Amino acid sequence: MLRKKNFLVVTILLLLVFLVTGCSGFLPKPTKGVISGRVLIPPTAKQLSKDISGWVGAAGAEVTIVDANGVKHTVITDENGYYNFENIAVKPNTVVTATVKVDGKTMVLKTVVDKAVGKDQKYDSGAMTPESTALALVVEQLIAEGAPVDLDEIRATGSYADLLGRVAEILEGHGNIGDDPDIYVLLENTVYDILYPDDSTPAPPSGDGDGTPTPKVIKGLAVEARTAGQLDLGTLAGDEGEYTLSPKVLVHIADYLNGINETGKWVGLQLKPTDVTDITELEYRTAKSSGFQALTTYDVTEAGAAGEIVWWPNAGIADEQWIELRYAGEGNPAIKLTVTFELYGKAIAGLAVEARTAGQLDLGTLAGDEGEYTLSPKVLVHIADYLNGIN
């Protein structure tokens, strides 16, 4: 009987301990989820190395990610370039973006979290590289298109190799991928090849029965500023396929210095070819592209109108740039728009001057214009005030 009582007492004591401690001594601690990675940058711009040999950790880089609920999170890398996002859930193919200043230049690197990650899970995205950056650029564009993302398919696309090579070249030179027009063209080509792998150039229009195709001609062109308030387009002049905005396209200096768009100094021109209702029937070429490229439904969405196209020249690359448009097919003539960019700011209209220490100075006469002014013949200072100290 005594043994039973002792057993009962011990059991009650254990239950009391269990209740007082709130079970914390018996249950495992919750797991802390972490999405981690590292931001590396090249120490020099002398060699191209897609395997990032010799790259160093970027301290103080700003790293951002958007979680599964659409909330943006930002962290700063430590002295060795490592970063951690704690207790956030993300969807598959979420892009992580790092921004870092190197010698006054802004570098942007990216990577992709290729699977869904829960708040209590750990995921190491590894080092950001030219390859991870190029891959992330394509992923972002496909998601914007509402298209499915297959990382292996992206890597296997022929035009992706050209995009990767250009991204590596820019990053090795500590450049900003958002400021390079070639990136835009190569990215567009890669996405197009993924979305339309079996697409071919439409057959030229049929002729009048003699076997000779009748060329399709774009009859005219209208141009508006896409980035309204930042540009003064001047006057559109020309005919017979050759157009210019004259005398120049003026770019506001303040907008230019601040970066007209988040990704670089791109200016937007809304092009409206006459009597064109579907721009996917057209193709374009610029000074930076190797040949004519097809326009797609993405371009329709961006322009906001079926018969219009947005052209994004970079005002910081060259003073003069051009674009050609034509109906798809070698037999169709192209129209060409040439623009010349010039930066301008708000001018001070004039200047007036008065003596602050009245009675101690004789200012003479203010003369000049066009930004150059003089007080002539001289500013006379009273000797007594000077010897006593004017102030």
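We did not get these values from a lab; they are worked out from the coordinates using the rules stated. Note that this is a predicted model, so its numbers are computed, not measured. In this analysis, Cβ positions are derived from the backbone assuming ideal geometry, glycine residues included, and neighbour counts consider all displayed protein chains.
Between residue 376 and residue 342, how high is the FRET efficiency from 1/(1 + (r/R0)^6) when r is the Cβ-Cβ distance and R₀ = 25 Å? Nearest 0.05.
The computed FRET efficiency comes out at 0.15.
Taking the Cα of residue 36, stepping 7 Å toward and past its beta carbon, and measuring to each backbone N in region 82-111: which are under 15 Å?
82-88
Compare the peptides 174-186, 69-81, 272-284 by average per-residue count of other Cβ atoms within 10 angstrom and give them in order, highest first.
Put in order of decreasing packing, that is 174-186, 272-284, 69-81.
If amide hydrogens are placed 1.01 Å from N in the peptide plane, which non-local residues have theirs closer than 5 Å to the one on residue 287?
Amide H to amide H, under 5 Å and 5 or more residues apart or across chains, residue 287 pairs with 322.
Could you compute the FRET efficiency for residue 246 and residue 99, with r as their C-beta to C-beta distance and R0 at 45 Å, rounded to 0.05?
Efficiency, from the Cβ-Cβ distance: 0.75.
Note the full-extension length gain between residue 274 and residue 306 as 0.36 nm times their separation in residues minus their Cα-Cα distance, in nm to one decimal.
10.3 nm
Mind sorting 169, 354 by how few other Cβ atoms lie within 10 Å of their own Cβ, fewest first?
Arranged by neighbour count, lowest to highest, 169, 354 become 354, 169.
Take residue 363 and residue 91, extend 7 Å from each Cα along the Cα→Cβ direction, and tell me the distance between the two endpoints in nm.
Between residue 363 and residue 91, the label points sit 6.5 nm apart.
Sort 54-67, 291-304 by packing, meaning the average of other beta carbons within 10 Å per residue, with the highest value first.
Listed from highest to lowest mean packing, they are 54-67, 291-304.
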